[in-house]
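First comes the structure, then the notes that go with it.
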Amino acid sequence: GTEQNGPHMVLGKHNVRVKVLSEKIALALGDALVAPVMAYVPEGGISPPTAHMRYPGTISIPDQTFQQMLEYAARSFKLHGFRDIVFLGDHGGYQKDEQAVADRLNREWASAPTRVHALPEYYRTAATAYAEALRQRGYPNDEIGTHAGLADTSLALAIDPRLVRRDFLRSARAPGVDRASEGVTGDPRRASAELGQVGVDAIVAQTVDAIKRATARR
């Protein structure tokens with residue numbers, strides 16, 4: 001998706017992140033291909049603006065439009081012979097859309113060998129195993145954050161340092177200060193590529209395991 005990430009991080013963070021992580025996942029699996037990233041996803045309402053659409057730079061599409069994109073991408077892959085199609089969503093707002101499309105197509109294709117998998121492990125790991133690893137290293141929840149904070153920014157630095165404007169990172173506001181006007185939840189000032197690599201490793205490992213379980217031949 002294309003959304004605001006505070007003044008210190010690029011709008012296309014999710015798009016870059018899912019491309020890099022999915023390639024690592026595919027390499028670990030050894031028998032997977034990565035489709036092009038869908039850069040536009042549901043990010044909130046437009047009139048009136050809600051969620052990330054309250055901040056400049058965000059681009060949103062309706063849930064139904066996104067579901068149709070997913071559906072017809074999956075139909076295309078099935079036509080060309082793929083038997084397992086995996087949706088990896090880097091943003092929490094459209095996980096339900098991925099599951100809805102997977103459920104709908106799996107019902108339709110019940111007698112066919114093709115299956116669609118909407119795996120929550122990819123997205124969930126950042127909020128569970130990765131966040132817990134940061135807490136064990138002494139970082140509090142209000143610093144780890146849930147959007148553009150320590151965890152999110154560290155992941156970006158591990159993926160590609162060019163995603164983060166370090167001059168803005170150093171001047172980010174301290175904990176306890178309301179960052180709502182900047183679209184930041186958490187404190188990114190102590191973010192590092194080393195911390196982000198912890199998240200990269202966890203996301204790749206847990207997603208690979210989830211895909212192997214989901215695609216074990218029935």
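Since every read-out is calculated from the coordinates, none of them should be taken as a lab result. Given the structure is predicted, the values throughout are model-derived calculations rather than measurements. Quick reminder, even Gly has a Cβ in these numbers, built from the backbone with ideal geometry, and neighbours come from all protein chains shown.
Considering amide H positions built from the backbone, and no H for Pro or chain starts, which residues 5 or more places from Arg115, or on another chain, come under 5 Å of its amide H? Correct list: Asp84, Ile85. Compared with the dominant Cα axis of the chain, that is its longest principal axis, helix 63-79 is turned about 50°. On a C-alpha basis, how far is the centre of region 32-49 from the centre of region 59-113 in Å? Whole number, if you could? The distance from the Cα centre of region 32-49 to that of region 59-113 comes to 13 Å.
Give me the percent of DSSP beta bridges within the chain that run antiparallel, rounded to the nearest 5.
Antiparallel bridges: around 45 percent, rounded to the nearest 5.
For volume of the Cα convex hull per residue in Å³, the value computed from the atomic coordinates appears in the list (i) 179; (ii) 124; (iii) 113 under label (iii). In plain terms, if you count all Cα to Cα distances in region 3-115 and split them into 5 Å steps from zero, the share in each step is 2, 11, 19, 20, 20, 13, 8, 5, 2, 0 percent. Secondary-structure-derived ellipticity at 222 nm for the chain, considering helices only, amounts to -14000 deg cm²/dmol, per-run term -39500 (n - 2.57) for DSSP H runs with n ≥ 4.
Within a Cβ distance under 13 Å of Gly44, other residues only, what is the Lys/Arg minus Asp/Glu net charge?
That works out to -2.
Judged by the mean number of other Cβ atoms found within 10 Å, the most tightly packed of the peptides 195-202, 36-43, 182-189, 55-62 leads the ranking 182-189, 195-202, 36-43, 55-62. Helix 150-159 axis versus longest C-alpha principal axis of the chain: approximately 60°, rounded to the nearest ten. Taking Cβ atoms as reference points and 11 Å as the exclusive limit, the residues near Val164 contribute a net charge of +2, counting Lys and Arg as +1 and Asp and Glu as -1. The lysines whose alpha-carbon is closer than 20 Å to the alpha-carbon of Lys13, local same-chain residues fewer than 8 away aside, are Lys24. Taking amide H atoms as placed 1.01 Å from N in the peptide plane, the amide H of Val41 lies under 5 Å from those of Thr2, Ile61, each 5 or more residues away in sequence or on another chain. As a length-normalised measure over Cα pairs under 8 Å and 6 or more apart, the relative contact order of the chain settles at 23 percent.
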